[in-house]
Amino acid sequence: MAYLARTLAALLLAATPGIVHAQSAGSGATLSFNAANIARAKRLVASDPVAVARWQAQYRLAEAALAKAPGDPRRIDAALEALALAYRITGEQRFADGARTLLLQRAATSDWLTDLPLARRDPPWRSDLGMGFAAASYGIAYDAIRDTLSLKDRRTIVAGLVRGAIAPILDDWVDGRRRIHALDTMGHNWWGHIVFGAGVGVLAILRDEPRAAEWARRIDQAGVEWFEYAGSRFESKPATFGPDGAYSETIGYAELGLHSLMLFRRSWQEAFGSPAAAIPGISRTASYFLAASYPKAGGWVSLNFGDSRPPSCGCHTLADLWALGDHDPAYLRYIDGFAGVADKDAWGDATNLPYLPDAADRARAGTAGLPTAAIFPSQGLVTMRNSWAEGATMFALKSGFTWNHNHADAGSFILYHHGKALLADSGHSSYATPEYDGYYRQSVAHNVVTIDGKAEPPSDLYDGSRFMGSVDHLIDAPGFRYLWADATGPTSRNFQRNFRNILWIGDTILIIDDLKSWDVGQFEWLLHYQGTARRSGQVLRIEDGDAAVAVRPLFPQPFPEAGLPTDYPEAMRLVEHEGLKDEDPKAKQTYLGFQPAGKSEREKFVVAIQPLESRSAPARIERLEGVNWIGLRISGAERVTEVYLNLLADGRLRHRNANATLGGFETDAYLLAISWPAGTSRGTSPDRFFVADGSYVRKDEQVLLDSLSKVFAHVDLTSGRVELSRQPSARVRLACKVSIQLGTTVPCRGGTALLEPIQNPDLTK
């Protein structure tokens, strides 16, 4: 490797004579290409093959810009940054001259607006996304070559930047004397990208424009206000970022606004030598980007809920966090995972080359220690995975709200397995196509339950969800995961109750839907997929290459074992629907629906999803049914688990106890699961049990759980590990064999452990 690095460096020196030996360019740059950053970049380029590759790409871009001036505004932005970097590293005046030419050309442009229809709105817009890009790139390039310019050129270029971008942006978005936008209306990725792009431009002209310091201060303060905007019930506008770091408009849009904020904050620190205004929750955004990613061979992808695309990532934001001193090895693995995707190689940006991690840091890159389940209540997003290995199984669910780039998809899910999105989202199309609103954003384009073809009202696509859905009670234990999602709010025009329970037990993912509509109608459980789908008996098999998943409805009825649907009118019906392919509205894509026999106003769906492995058979599943309960038994190679749904606890009894006997256990729980090792007798007591919304579990005078208020809990009696969701003041008594592990160690005395109330609970959750 050392030999390769020396060889590449030698080739680079030969291709660009004077890269190291040329006289240093003026040292007056203050932003991305300041003296310290360039000195580090030179050291990397002289010895590190990864840096060499990135530098060569920028050098070629700079040479191309000299050979033929780019015409497209975004290409001009990229050319300006490449030329500035090339000048600062090589010291060759021709690169500074090339940047000067482009700067003067843009300075002479009377109007920098690129989205011209915006100027015809009432009131007219004077600024747009393109202006945000232009202000930042223009400012960075000017800062880099400033010392080479005459006083006249400096004045011309600075005046052009102020007139063309900074003034229109401040007028439209910040300054109360002319401002037309509010955070409650346009405070999403556009606001962040445009304003903070202008902020970078402002920092570039601090030495030349007396008003710039005040502008910078105002934008810095605005950064805090934008990031911490908590939403508006009056406007049906969600928070920009939740306290958990999740963003209101999905991955790609988060990256646009957040990277611009981060670049401004980097530039502030480079210009002043001190941090920008504190935003305590900003680093939590990394957890959001990481949790929403899926590692697979050939390049990572992100969840494509809403308008986001699988190649979208927070790569530049995580690179910004690294540049600002947050050196988490997981960031580097994430950035590297997306590096092969066009425009996603964060270290390939000219402004990021000086911050490229060295070989020792890159060697530490990895996902060790990342959680296998993550919940973001602010946006109604949950992800679960069996590991962080490439091609592992990942399940994700969204039950938040509909607004702007979000779809009418409360309760929808995606399943990745062996690198394929087998159970998929329909995606989206160009905003200009009629199918964008007409199909892709509708509930039927997602993995949800409908009543007479309806779930969320189409009006939410414009107005926003008046009532948000939620996710809660995430439990992540070895071999067992649970989540409760409530999609009632967004679907309340059609549903009185729309609960979706997820239980991931061994190799089986159970989706248990608890539904009540306002009127009698036809419920339908929708399933969108990639690849081919074929029903064999009671199992639907979906395949895409070497990835396959078995989907089996269990309740309210299974599929018939064989024969035509008309032969078994009492069985679940499999219905084919015509949808559209992701990003291709002209191409048809079949999706499926599970329709129960007969119409009703209350229904329970229990569907088992089993990602298939070639080397092992999936767990065996048996339906169980009794008085006031339904359930199933999962018999895997290692464990046997029984799951019971208490039908008395589904809201039909108000102010009355839902006491029931489930699997021989007395309980008022909504869900009860009991588990024991395969090959052993069920006996009188399991060695693991799970309770959802239950206050007691007992059998033969043995009390397994006792709490005055209902809890969600998974208990491993053998190891003492407990996962628990409860009221802050709840005292919970658990049966035990060893000390209980719940953050702290709780002693087991006389077969019982007492869990005291939560210390300093966060009552805002």
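The values are calculated or read from the model by the stated rules, or taken from the named source; none is laboratory data. Since this is a predicted model, take the numbers as computed values, not measurements. With ideal geometry, Cβ positions are generated from the backbone for all residues, glycine too; neighbour counts draw on all protein chains shown.
Structure data summary
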| read-out | value |
| --- | --- |
| Among (1) buried (at least 22 other Cβ atoms within 10 Å of the Cβ); (2) part of a loop (DSSP other than H, G, I, E, B); (3) in contact (Cβ under 8 Å) with a residue 40 or more places away in the chain, the one test that Pro357 misses | (3) |
| Tabulated pairs, the range 523-539, first assigned by TED's automatic domain parsing to the domain that holds Val444 and more than 18 Å from Gly427 (Cα to Cα), second surrounded by fewer than 18 Cβ atoms within 10 Å (Cβ to Cβ) and modelled with pLDDT under 95, C-beta under 8 angstrom, 6+ apart or interchain | Gly537/Glu561; Gly537/Ala562; Gln538/Glu561 |
| Residue in the range 441-453 that is under 18 Å from Ser248 (Cα atoms) and not in a loop (DSSP other than H, G, I, E, B) present | no |
| Whichever residue in the range 591-609 is out of contact with any Gly (no Cβ under 7 Å at 6 or more places or on another chain) and part of a loop (DSSP other than H, G, I, E, B) and, among such residues, is nearest to Ala396 (Cα to Cα) | Pro596 |
| Residue pairs meeting the criteria (Cβ under 8 Å; at least 6 apart or on separate chains; first in contact (Cβ under 8 Å) with a residue 12 or more places away in the chain and more than 13 Å from Leu540 (Cβ to Cβ), in the range 560-576; second surrounded by fewer than 15 Cβ atoms within 10 Å (Cβ to Cβ) and of a type in the set (A, V, I, L, M, F, W, C)) | Pro569/Ala597; Glu570/Ala597; Ala571/Ala597 |
| Hey, Ser232 more than 25 Å from Leu290 (Cα to Cα) and touching a Ser or Thr at 6+ places or on another chain (Cβ under 8 Å) or not | no |
| So Gln589, is it within 33 Å of the chain's Cα centre (by Cα), closer than 26 Å to Leu624 by Cβ and polar (S, T, N, Q) | no |
| Residues satisfying the stated conditions in the range 371-427, i.e. in a loop (DSSP other than H, G, I, E, B), farther than 20 Å from Leu580 by Cα and under 15 Å from the mean Cα position of the chain (by Cα) | Pro371, Thr372, Pro377, Ser378, Gln379, Gly380, Ser399, Gly400, Phe401 |
| Tabulated pairs, the range 227-253, first outside the structural domain of Cys313 (by TED's automatic domain parsing) and surrounded by 23 or more Cβ atoms within 10 Å (Cβ to Cβ), second in a loop (DSSP other than H, G, I, E, B) and small (Gly, Ala, Ser), C-beta under 9 angstrom, 6+ apart or interchain | none |
| Residues of the range 709-763 that turn out to be closer than 20 Å to Val471 by Cβ and either in contact with a Phe, Trp or Tyr (Cβ under 6 Å, 6 or more places away or on another chain) or among the basic types (Lys, Arg) (or both), as a count | 4 |
| Extreme residue, surrounded by the fewest Cβ atoms within 10 Å (Cβ to Cβ), among residues of the range 381-409 that are more than 21 Å from Gly369 (Cα to Cα) and of a type in the set (Gly, Ala, Ser) | Ala408 |
| Scan of the range 254-286 for residues that are part of a loop (DSSP other than H, G, I, E, B) and either in contact (Cβ under 8 Å) with a residue 24 or more places away in the chain or more than 21 Å from Ala374 (Cα to Cα) (or both), ordered by number | Gly273, Ser274, Pro275, Ala276, Ala277, Ala278, Ile279, Gly281 |
| The range 549-581, residues that are surrounded by 12 or more Cβ atoms within 10 Å (Cβ to Cβ) and in a loop (DSSP other than H, G, I, E, B) | Pro556, Gln557, Pro558, Phe559, Pro560, Tyr568, Ala571, Met572 |
| Subset of the range 623-649 that is closer than 13 Å to Gly663 by Cβ and among the acidic types (Asp, Glu) - its residue that is surrounded by the most Cβ atoms within 10 Å (Cβ to Cβ) | Glu642 |
| Answer from Gly71, Gly98 - the residue that is within 25 Å of Gly132 (Cα to Cα), out of contact with any helix residue (DSSP H, G or I) (no Cβ under 6 Å at 6 or more places or on another chain) and either at pLDDT 95 or above or of a type outside the set (Phe, Trp, Tyr) (or both) | Gly71 |
| Count of the range 338-353 residues which are buried (at least 19 other Cβ atoms within 10 Å of the Cβ) and either in contact with a Ser or Thr (Cβ under 7 Å, 6 or more places away or on another chain) or not in a helix (DSSP H, G or I) (or both) | 4 |
| Residues satisfying the stated conditions in the range 203-226, i.e. outside any helix (DSSP H, G or I) and buried (at least 22 other Cβ atoms within 10 Å of the Cβ) | Ile205 |
| Odd one out for Ser412, checked against (1) under 15 Å from Asn304 (Cβ atoms); (2) surrounded by fewer than 24 Cβ atoms within 10 Å (Cβ to Cβ) | (2) |
| Condition met for Asp476 (more than 17 Å from Ser443 (Cβ to Cβ), under 23 Å from the mean Cα position of the chain (by Cα) and surrounded by fewer than 23 Cβ atoms within 10 Å (Cβ to Cβ)) | yes |
| Set Leu31, Leu44, Leu12, Leu83: member being surrounded by 19 or more Cβ atoms within 10 Å (Cβ to Cβ), at pLDDT below 95 and in the same structural domain as Ser137 (by TED's automatic domain parsing) | Leu12 |
| Residue check, Asp716 acidic (Asp, Glu), at pLDDT 95 or above, closer than 20 Å to Trp504 by Cα and in the same structural domain as Gly631 (by TED's automatic domain parsing) | yes |
| Residue check for Leu170: in a loop (DSSP other than H, G, I, E, B) and under 20 Å from Ala271 (Cβ atoms) | no |
| Test set (1) buried (at least 19 other Cβ atoms within 10 Å of the Cβ); (2) in contact with a Phe, Trp or Tyr (Cβ under 9 Å, 6 or more places away or on another chain); (3) modelled with pLDDT of 95 or more - Pro686 fails condition number | (3) |
| Count of residues meeting criterion [under 15 Å from the mean Cα position of the chain (by Cα) and surrounded by 23 or more Cβ atoms within 10 Å (Cβ to Cβ)] in the range 311-337 | 10 |
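Condition check ((1) closer than 18 Å to Lys604 by Cα; (2) out of contact with any helix residue (DSSP H, G or I) (no Cβ under 6 Å at 6 or more places or on another chain); (3) of a type outside the set (Gly, Ala, Ser)) across all residues:
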{"residue": "Arg534", "(1), (2), (3)": "no, yes, yes"}
{"residue": "Val549", "(1), (2), (3)": "no, yes, yes"}
{"residue": "Ala562", "(1), (2), (3)": "no, yes, no"}
{"residue": "Met572", "(1), (2), (3)": "yes, yes, yes"}
{"residue": "Glu578", "(1), (2), (3)": "no, yes, yes"}
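For every residue, the table says whether it meets (1) small (Gly, Ala, Ser); (2) in contact with a Leu (Cβ under 6 Å, 6 or more places away or on another chain).
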| site | (1), (2) |
| --- | --- |
| Asp122 | no, no |
| Ala135 | yes, no |
| Tyr138 | no, yes |
| Ala144 | yes, no |
| Thr148 | no, no |
| Asp153 | no, no |
| Ile194 | no, no |
